[in-house]
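> After the structure tokens below, expect a handful of questions from me.
The values are calculated or read from the model by the stated rules, or taken from the named source; none is laboratory data. Since the model is a prediction, treat every value here as computed from it, not as a measurement. Counting neighbours? That spans all protein chains shown, and the Cβs are built from the backbone with ideal geometry, glycine included. Accessible surface is based on the protein model in full, side chains and every heavy atom, while ligands, DNA and RNA are left aside. Shrake-Rupley method; radii C 1.70, N 1.55, O 1.52, S 1.80 Å.
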Amino acid sequence: MNSIRFILPFAKPYRRRYLAGILLAPLSIGSLLAIPWLTGNCVDLLRESMSPSNGADSLAPLEALKILLLLIVCFACIRGITLFAIRWFIISASRKVEFDLRDRLFSHLQGLDQGFYNRWKTGDILARCTQDVERVRILAGPIIMYSANTACMLVIAIPLMLSISIKLTLLLLIPLSLLTLSVRKIGPRVHSAVFKAQETLSDLSSLSQEDFAGIRVIKSFAQEEAEAERFRKLSGQYVDDNLEAARIQAWMQPLVGGVNELSLMLLLLLGGWYLLDAGSDLTLGQFIQFAGYQFQLIWPMISIGWVVNQFHRASASVVRVKAILESESNINPPAEPSRPEADELKGAISIRNLDFSYNGKKVLSNVSIEVPAGHTVAIIGRTGSGKSTLIKTLPRMVAVADGKIFIDGIDINQLPIGLLRKAIGFVPQESFLFSRTIRDNIGFGLDAPSEDGVLSAARISGLQKDMDQFPRGYDELVGERGVTLSGGQKQRAALARALLVRPSILLLDDSLSAVDTQTEKEILAELRATTDLITTVVVAQRISSILHADRIYVIDEGEVAEQGTHKELLEQNGLYAETYRLQLLSDELEDM
Ligand code: ATP
Ligand code: MG
């Protein structure tokens with residue numbers, strides 16, 4: 001029932017289609033059942049006119065027979081048309097429900113924070129957005145359609161049968177109720193077997209997705225066979241899970257079929273006996289009508305089994321889809337946002353006594369950093385010291401407590417998220433490109449990027465000088481995740497993308513690590529010249545690239561260990577000075 005409750009709001013906008021489909025079902029079933037009724041009447045009419053006492057008046061029954069036959073054709077047509085219309089109304093509504101549900105899932109997924117994506121595997125999410133949504137659609141369409149048909153069939157056929165012979169009908173209903181009982185018993189077992197199979201399919205999707213994404217690593221470590229073995233094992237598990245589900249389900253069809261055969265046998269036996277019994281008033285025509293209704297009940301009876309199976313599959317999928325929809329983001333828009341003057345951030349950053357933990361593991365402690373608007377601040381520190389985490393707190397990629405980070409004096413948790421993120425040009429440590437053209441990748445942050453804008457962003461980021469390497473220039477398609485570009489080209493494309501949005505704050509997380517020292521110097525000089533008014537926070541490994549920063553913060557084990565200008569830090573003769581001396585030494589060694 002939970003699954004029905006889940007699907008209702010999605011089905012509501014299409015209630016007219018559902019209503020039309022459901023209301024047509026009695027008409028459709030009525031016309032179908034009219035045919036055996038008319039046939040029985042034809043038979044009785046023929047029998048009567050064949051009896052010797054009616055010999056003189058043989059023309060009138062023939063006329064009546066013609067009318068009956070015409071009616072049979074009419075009802076057959078009504079049945080055909082309504083069958084088509086029901087399908088059309090209900091199945092088209094279910095496709096729309098599927099569209100809306102998938103759309104809701106995708107939008108919800110877009111709103112979830114990094115924590116969610118750290119926990120969930122991509123393949124699992126994909127499986128839920130595709131196969132599971134499709135199974136939920138079966139609930140919103142075919143299951144409703146077959147249920148409506150079967151219900152109408154039972155409601156109309158059983159009274160018709162009762163009107164012919166109460167005894168015969170009741171006797172035939174005994175196997176029917178046995179069937180319902182056994183279906184109810186088998187149902188929950190099917191449900192859990194199907195749920196398990198669906199979970200394994202998610203694991204299988206995750207494994208494939210990860211393996212394809214990491215295919216280069218797999219090949220370079222010659223792990224193809226080992227990975228294929230892992231895949232085979234999981235794929236085998238999926239087959240086993242499905243076989244188990246199929247084994248349980250397999251009982252259903254013979255059970256339903258057997259019950260029907262049994263009812264048919266009973267009908268022939270008991271019906272034939274009644275017919276021959278001189279005391280009974282059952283006519284041959286009525287017997288034929290009864291057999292006709294019984295025959296029409298066979299398919300709906302079989303579809304009960306199918307509906308139950310599909311319902312269990314769909315319910316398992318509803319649980320899996322709901323798990324995504326019920327995941328909440330830790331990063332929510334403020335209830336009452338504070339907007340900066342003229343809706344524009346100037347970019348003065350103030351981080352005050354910031355602590356940050358990943359699931360209880362402390363990564364930043366008591367970090368305080370001040371960056372006046374337009375200034376450049378550099379952050380440097382050992383690997384794993386918390387630099388990237390610190391950078392990610394600014395665009396709220398990770399959640400921070402209230403009262404810790406302010407931009408232009410406003411707590412970032414109080415700023416509208418869209419406004420905050422639009423004001424920030426973020427170049428993450430691992431640059432990601434979409435499999436689109438270079439132009440589209442640079443213009444990603446804008447709805448309609450201008451050609452001049454793209455060219456100038458590419459020039460500042462130093463990507464332009466590589467453009468003659470691409471036959472199609474900016475229209476060159478980059479491979480998945482940008483694999484057809486070099487590491488340095490990817491980083492520069494990502495930098496151009498951040499520059500194009502004309503941010504008030506530019507965050508560079510070790511963004512030029514794959515670029516040679518000379519090119520890095522040129523890019524940084526160009527950046528200084530053109531982004532003079534932009535507040536810049538730059539994380540770097542090489543001290544040579546941050547010499548010009550207004551202030552440098554040295555982070556060690558999540559704490560600010562030293563701070564000052566390059567000169568001041570050298571005078572302090574601490575970690576920074578030591579790192580600088582080591583780097584100078586290694587540069588000299590390289591030059592030799
Ligand atoms: P590097 O110079 O290598 O880029 P970093 O200074 O940027 O290092 P961070 O990426 O901020 O370091 O990581 C700081 C610590 O937080 C590390 O110990 C890391 O293992 C941990 N960490 C980073 N991201 C996560 C995450 N999503 N979940 C849990 N722990 C994380
Ligand atoms: Mg980092």
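> Restricting to DSSP H runs of at least four residues, report the calculated mean residue ellipticity at 222 nm for the chain, -39500 (n - 2.57) per run over all residues, nearest 500 deg cm²/dmol.
Roughly -20500 deg cm²/dmol at 222 nm, from the helical runs in the chain.
> Restrict the search to the range 444-473; then list the trypsin sites (Lys or Arg not before Pro) that DSSP places in a loop and that have at most 13 other Cβ atoms within 10 Å of their Cβ.
When the trypsin sites (Lys or Arg not before Pro) of the range 444-473 are filtered for loop state and at most 13 Cβ neighbours within 10 Å, 472 remain.
> With both partners inside the range 400-555, how many of the DSSP beta bridges are antiparallel, as a percent to the nearest 5?
So the antiparallel bridges amount to about 25 percent of the total.
> Further question on the same structure: If I take every Cα pair under 8 Å that is 6 or more residues apart in the chain, average their sequence separation and divide by the length, what percent do I get for the relative contact order?
After rounding, I find 14 percent.
> Calculate the all-directions average of the projected area of the chain's alpha-carbon convex hull, and give it in nm².
Taking the Cα atoms of the chain, their convex hull projects to 39.1 nm² on average.
> Also, I was wondering about something else. How large a share of the accessible area of the chain, in percent, is made up of carbon and sulfur atoms when the probe is 1.4 Å and the other protein chains stay in place?
Details: 18670 of 31270 Å².
It is 60 percent, rounded to a whole number.
> Among the GluC sites (Glu not before Pro) in the range 286-356, which ones are in a DSSP loop with at most 15 other Cβ atoms within 10 Å of the Cβ? Mind listing them?
326, 328, 344
> Let me ask you something else. Bin by bin, in steps of 5 Å, what percent of the Cα pairs in the range 96-249 do you find, going until the bin that has the longest distance?
All Cα pairs, binned at 5 Å, distribute as 2, 7, 10, 13, 14, 13, 11, 8, 7, 5, 4, 3, 2, 1, 1, 0 percent.
> Based only on the alpha carbon positions, what is the Kirkwood hydrodynamic radius of the range 459-501, in angstrom?
Every distinct Cα pair counted, the radius reaches 10.6 Å.
> Moving on to the next point. What accessible area, in Å² to the nearest ten, does a 1.4 Å probe give for residue 517?
Answer for residue 517: close to 60 Å² accessible.
> Please report the base-10 log of the normalised intensity I(q)/I(0) for the range 161-210, using a Debye sum with one equal scatterer per alpha carbon and no solvent, at each q in 0.16, 0.18, 0.20, 0.22 (1/Å).
These q points yield log10 I(q)/I(0) values of -0.63, -0.69, -0.75, -0.80.
> Return the subset of 196/233; 196/219; 346/392 for which the Cα-Cα distance in this structure is over 23 Å, preserving the input order. Before the final figure, lay out the partial values.
Working: 196/233 15 Å; 196/219 32 Å; 346/392 19 Å.
Beyond 23 Å between Cα atoms: 196/219.
> Rounded, prolate or oblate: which fits the range 319-378 when a ≥ b ≥ c are the square roots of the eigenvalues of the alpha-carbon gyration tensor, with rounded for a/c under 1.5 and prolate only if a/b beats b/c?
Oblate, because a/c is 1.5 or more while a/b does not exceed b/c.
> Moving on to the next point. Please label the shape of the range 421-529 as rounded, prolate or oblate, based on the square roots a ≥ b ≥ c of the eigenvalues of the alpha-carbon gyration tensor (a/c under 1.5 means rounded; beyond that, a/b larger than b/c means prolate, else oblate). Walk me through the numbers before you get to the answer.
Values: a/c = 1.33, a/b = 1.09, b/c = 1.23.
The shape class here is rounded.
> For the range 131-231, what does the accessible surface come to per residue with a 1.4 Å probe? Please give it in Å². Present the calculation step by step, with values, prior to reporting the outcome.
Details: 5170 Å² over 101 residues.
Using a 1.4 Å probe on heavy atoms only, each residue of the range 131-231 averages 51 Å².
> Shifting gears a bit: At what distance in angstrom do the alpha carbon centres of the range 516-592 and the range 136-180 lie from each other?
80 Å
> Moving on to the next point. Which percent, to the nearest 5, of DSSP beta bridges fully inside the chain are antiparallel?
Working: 18 of 36 bridges.
Counting DSSP beta bridges with both partners in the chain, the antiparallel share is about 50 percent.
> Over the range 227-384, what per residue volume does the convex hull of the Cα atoms give, in whole Å³?
318 Å³
> Roll a 1.4 Å probe over the protein chains and send me the accessible area per residue for the range 328-380 in Å².
On a per-residue basis, the range 328-380 sits at 59 Å².
> At q = 0.24 Å⁻¹, what is the log10 ratio I(q)/I(0) for the range 63-112, with the Debye formula run over Cα points and no solvent?
Results for the range 63-112 at q = 0.24 Å⁻¹ read -0.84.
> What is the range 343-481's relative contact order, in percent, from Cα pairs under 8 angstrom and six or more apart in sequence?
Details: 149 pairs, mean separation 29.0, N = 139.
Averaging sequence separation for qualifying contacts and normalising by length gives 21 percent for the range 343-481.
> FRET efficiency for residue 222 and residue 73, Cβ-Cβ distance as r, R0 = 60 Å, nearest 0.05?
0.25
> Taking the simple approach of a point 7 Å from Cα along Cα-to-Cβ for both residue 465 and residue 118, what is their distance in nm?
3.9 nm
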